[in-house]
Amino acid sequence: MAAPAAPPPPAKEGAGVETGGGKKGGGEGDAGETITGLCNCGKVGVSFPKVAFPPYSVLCHCLSCRASSGGMYSSFVVMPTKDVTIIGEPKLYKDYETTSGGLLNRWFCGDCGSAVYSVVEKEPEVAYVKGGLFAKGVGLPKPAVETFWRRAEKWEVPVEGAQVVD
């Protein structure tokens, strides 16, 4: 059986987007401000309107996220795919071995290996933008949710105030 087609990635970087996190276009106030996050080598990343940046992040402890992040969990922010503009040319890994059983499309930098964003095939309107992209400049909001907690190491402690989901 052929592999299902991946949903289209978010829009490519467009004219007027400043990849340094400055202003887009000539709008007034916050309307033109963008947030940009880049991979380790700076060749791939994301940009989106400041108003789309969620007030919290999420930590996922599922085995697939642990493996793809190279750590004990993956940190990300959840936002509408339509708000995300991709910078550069990320590579795609189709992850069929997810805890949920569904196909997860994982985009990453082919040069440095940094995870960039993920999209669940059954929810193409939602982008899971990786928190590590914002290490320089914009601070990542505090996690409000930790998912697949049953996969966390016994010595891990949940983030204070975060909702823990098994």
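At a glance:
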| item | result |
| --- | --- |
| Looking only at the range 124-147, and only at residues there that are in a loop (DSSP other than H, G, I, E, B) and open to solvent by less than 50 Å² (accessible area, probe 1.4 Å), the one that is nearest to residue 54 (Cα to Cα) | 141 |
| Answer residue from the range 14-32, given it is open to solvent by less than 40 Å² (accessible area, probe 1.4 Å) and on the phi < 0 side of the Ramachandran plot and is modelled with the highest pLDDT among those | 32 |
| All positions within the range 74-89 that are touching a Lys or Arg at 6+ places or on another chain (Cβ under 9 Å) and either open to solvent by less than 20 Å² (accessible area, probe 1.4 Å) or at negative phi (or both) | 74, 75, 76, 77, 85, 86, 87, 89 |
| Single condition residue 151 does not satisfy, out of (1) charged (D, E, K, R); (2) farther than 17 Å from residue 57 by Cβ; (3) surrounded by fewer than 16 Cβ atoms within 10 Å (Cβ to Cβ) | (3) |
| Meets criteria (over 18 Å from residue 65 (Cα atoms), buried (at least 16 other Cβ atoms within 10 Å of the Cβ) and at pLDDT 95 or above) for residue 115 | no |
| Number of positions in the range 87-117 that are in contact with a Gly (Cβ under 8 Å, 6 or more places away or on another chain) and touching a residue at least 40 places away in the same chain (Cβ under 8 Å) | 8 |
| Among the candidates 121, 156, residue that is in contact with a Pro (Cβ under 7 Å, 6 or more places away or on another chain) and surrounded by fewer than 21 Cβ atoms within 10 Å (Cβ to Cβ) | 121 |
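Every residue, every condition in (1) within 26 Å of residue 166 (Cα to Cα); (2) in contact with a helix residue (DSSP H, G or I) (Cβ under 8 Å, 6 or more places away or on another chain); (3) hydrophobic (A, V, I, L, M, F, W, C), yes or no:
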| position | (1), (2), (3) |
| --- | --- |
| 46 | no, yes, yes |
| 53 | yes, no, yes |
| 58 | yes, no, yes |
| 72 | yes, yes, yes |
| 76 | yes, yes, yes |
| 91 | no, no, no |
| 97 | yes, yes, no |
| 115 | yes, yes, yes |
| 123 | yes, no, no |
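The values are calculated or read from the model by the stated rules, or taken from the named source; none is laboratory data. All of these numbers come straight from a predicted model, not from anything done at the bench. When we count neighbours, we look across all protein chains shown, and the Cβ atoms used for this are built from the backbone with ideal geometry, even at glycine. We work out accessible area using only protein heavy atoms, side chains counted, and drop any ligands, DNA or RNA first. Shrake-Rupley method; radii C 1.70, N 1.55, O 1.52, S 1.80 Å.
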